[in-house]
1. Would you work out the Kirkwood radius for segment 40-83? I mean one over the mean of 1/r across all pairs of different Cα atoms, in Å.
2. Rounded to the nearest 20 debye, what is the charge dipole size of the chain about its Cα centre when +1 sits on each Lys and Arg Cβ and -1 on each Asp and Glu Cβ?
3. Which order, highest average first, do 12-22, 61-71 follow once you tally other Cβ atoms within 10 Å for each residue and take the mean per peptide?
4. Taking the Cα centre of the chain as the origin and placing charges on Cβ (Lys, Arg +1; Asp, Glu -1), which of Val29, Cys55, Ala17 is farthest toward the positive end of the dipole?
5. Tell me which residues come under 5 Å, amide H to amide H, from Ala47 once H is placed; ignore anything under 5 positions away on its chain.
6. If you take the beta carbon distance between Asp58 and Gln22 as r and set R0 to 25 Å, what does 1/(1 + (r/R0)^6) give as a FRET efficiency, to the nearest 0.05?
7. Would you mind working out the accessible area per residue for the chain, using a 1.4 Å probe, and quoting it in Å²?
8. Karplus couplings for segment 10-22 from phi (6.51 cos²θ - 1.76 cosθ + 1.60, θ = phi - 60°), rounded to Hz, Gly and Pro as x?
Amino acid sequence: SMATETDFRLEPRGPQAAVATQSFTATPVQVLTAFLDADWLREWMGAPAMPLEICEVDCRLGGRFRCAWTLPDGTKSWVAGVY
């Protein structure tokens, strides 16, 4: 399990990009798992004010991912792509 306190930041980079940063102590396998396992993604990419409520991950080559954070006003912010 990841730490409960976080320094997670999401910074916009242009009209269609953002950079997410967070520091934590982990092994290389744990870092890979943190990006490829939906349960871990929900834990470390979500925040109390902006939970990651939808998180679908198929990390096979050509598989898709789809995630949505619920913003404080109730709207959803989506990210999706293909591995």
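The values are calculated or read from the model by the stated rules, or taken from the named source; none is laboratory data. Computed from a predicted model, the values in this text were never measured in an experiment. Don't worry about glycine lacking a Cβ; one is built from the backbone with ideal geometry, like all the others, and counts go over all protein chains shown. Areas reflect the complete protein model, heavy atoms only, side chains present, ligands, DNA and RNA absent. Shrake-Rupley method; radii C 1.70, N 1.55, O 1.52, S 1.80 Å.
1. About 10.8 Å for segment 40-83.
2. Roughly 300 debye, rounded to the nearest 20.
3. My ranking of the peptides, most packed first, is 61-71, 12-22.
4. Ala17
5. It is Leu52, by chain and number.
6. Between Asp58 and Gln22 the formula returns 0.60.
7. 71
8. 10, 10, x, 9, x, x, 9, 9, 8, 10, 9, 9, 6
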